[in-house]
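One structure is given below, encoded as structure tokens.
We did not get these values from a lab; they are worked out from the coordinates using the rules stated. Remember, it's a predicted structure, so these values are computed and weren't measured experimentally. We place every Cβ from the backbone using ideal geometry, glycine too, and count neighbours over all the protein chains shown.
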Amino acid sequence: MKKVLIGVLIVAALIVLYTWTTYNKFIKTNEAVNGQWAQVETQYQRRLDLIPNLVNSVKGIMSQEQKIFGDLAEARTRYGNAQSVEEKVNAANEVESALGRLLVVLENYPQLKSAENVQTLMVQLEGTENRISVERGRYNDGVRDFNVMTKKFPSSLIASLFGFQERSYFQASQGAENTPEVSF
């Protein structure tokens, strides 16, 4: 009787220990994903801070592409007002689309490309786009690790017990593979 009781206590202790360590791993992985999303947002903010400078530099040289400037301003505002990760992703995709059209305009106007302040801002923006791409990849890596934990047995039991749910990957917007078109 005593051996059975000791055996039951050992099994119960192992279950509690497993639950405790798995729960803590979920917390750690979830916070890593949140931290990585903050890095993505930091790069988005850098991009959003550079855009007005680029737009103002371009506006000083040309004024016929006002729609692109308006689209960029609207997309920046939508990003600033976005609350959820999904809303921010959608708004960021709108910024990218409008920015892509602006960059096509810049490519088609050699006098813009030769302006020193426009060139400097374009280089900074390219660097920022690269950083965003890297941070998005890291975010998706963190999401993948978290999602694997939520799906694998027996950690899936702990996930459902404590309400940990699968996270969404960052995905490009539909049509992002197409080159933006700008007509003059």
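What the table below lists for this structure:
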read-out: Local electrostatic count, residue 21, Cβ distance below 15 Å [Lys/Arg +1, Asp/Glu -1]; value: +3
read-out: Theoretical gain in end-to-end length, residue 166 to residue 81 [0.36 nm per residue, Cα-Cα removed]; value: 28.1 nm
read-out: In order through the range 31-40: 3J(HN,Hα) via Karplus (6.51 cos²θ - 1.76 cosθ + 1.60), integer Hz, x for Gly, Pro; value: 5, 5, 5, 4, x, 5, 4, 4, 5, 4
read-out: Nearest-0.05 FRET efficiency for residue 49 and residue 15, computed from C-beta distance (R0 41 Å); value: 0.20
read-out: Neighbour-count ranking [beta-carbon atoms within 10 angstrom, fewest first] of 169, 139; value: 169, 139
